[in-house]
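Student: After the structure tokens below, expect a handful of questions from me.
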Amino acid sequence: MARISRKELKKDEIRETFSHGAEAVVTHKRGLGEIASVMAVIVIAIFGWRYYSQRQTSQAAAALGDAMTTFNDRVVAPGTPSQPGEITYTSDENKYQDASRKFTTIAESYGRTAPGKEARYFDALCQMHLGHVDQAEKELMSAASSGNAEIEALANFQLADMYAKLGKQSQGIQLYQQLMANPTPVVPKPVVMLALANVYAQTNPAEATKLLNQIKTEFPDSSAAEEASKRLQMISGQS
């Protein structure tokens, strides 16, 4: 039987070690390849969603612009001439019905986008103009939980006004107080204070007077302060 020298054994050990090392490198590269593939899928998904989201937002914004045009279209007497390309209506009801249909479609099709959330709010305004109080309240409450701070503030302000007009003063006052504690650029604190003072003027003149004086103190050089002074004169004239 042939004997294997120590030198040959050493070569076999080196060869085996190299083989195991090569397998480890291949296995490691394979793992890196799998990770790279997963990362590629994630990156594609992110950019794909971003493109889809931007495209959805762009489409929603265009549709919202069209709906807003309808919302702001003129209501004129039958036979009144219009400007070239201008669409006019002969009744508020028809105008707000058309606008509502457009806003509803946008809200349902693009509800996750900012324009879609705005459409929900403006649809509520259409419902208010049409006298559909329950539907308006439903749409406003949906807009008030949209996750968009500005839309939420506008919706809550409209809800507060609606409740006050419907005789639900306690609900309106609660919303106004929340808005005062968390003002936004679209619904600033002095505007909320004036609205709340208007509610108090009907039920609690003393509280209305206190709030109006607070406006003059906190916002002395504003148009809100001027309005507060006028209302204070009205309250003192009634007392």
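Student: Over all distinct Cα pairs, what is the inverse of the mean 1/r for the stretch 188-239, reported as the Kirkwood hydrodynamic radius in Å? Before the final figure, lay out each step's value.
Tutor: Values: mean 1/r = 0.0953 Å⁻¹.
About 10.5 Å, per the Kirkwood formula over Cα pairs.
Student: Here is a follow-up. List the extent of the Cα atoms of the stretch 83-239 along each of their three principal axes, largest first, rounded to whole Å.
Tutor: Result for the stretch 83-239: principal-axis Cα extents of 49, 36, 31 Å.
Student: I need the Kirkwood Rh of the stretch 76-122: take the reciprocal of the average 1/r across all distinct C-alpha pairs and report it in angstrom.
Tutor: 12.1 Å
Student: Further question: Taking a 30 Å limit on the Cα-Cα distance, which of the listed pairs LYS168/LYS230; LYS95/LYS189; LYS165/LYS216; LYS117/LYS189 fall beyond it?
Tutor: Exceeds cut-off: LYS95/LYS189.
Student: Just want the ordering: ARG55, ARG120, from fewest to most Cβ atoms lying within 10 Å of their own Cβ.
Tutor: ARG55, ARG120
Student: When GLU118, GLU93, GLU227 are ordered from fewest to most other Cβ atoms inside 10 Å of their Cβ, what list results?
Tutor: Neighbour counts put them in this order, fewest first: GLU93, GLU227, GLU118.
Since every read-out is calculated from the coordinates, none of them should be taken as a lab result. Small disclaimer: the values here were computed from a predicted structure and weren't measured. Glycine also receives a Cβ, built like all others from the backbone with ideal geometry; neighbour counts cover every protein chain displayed.
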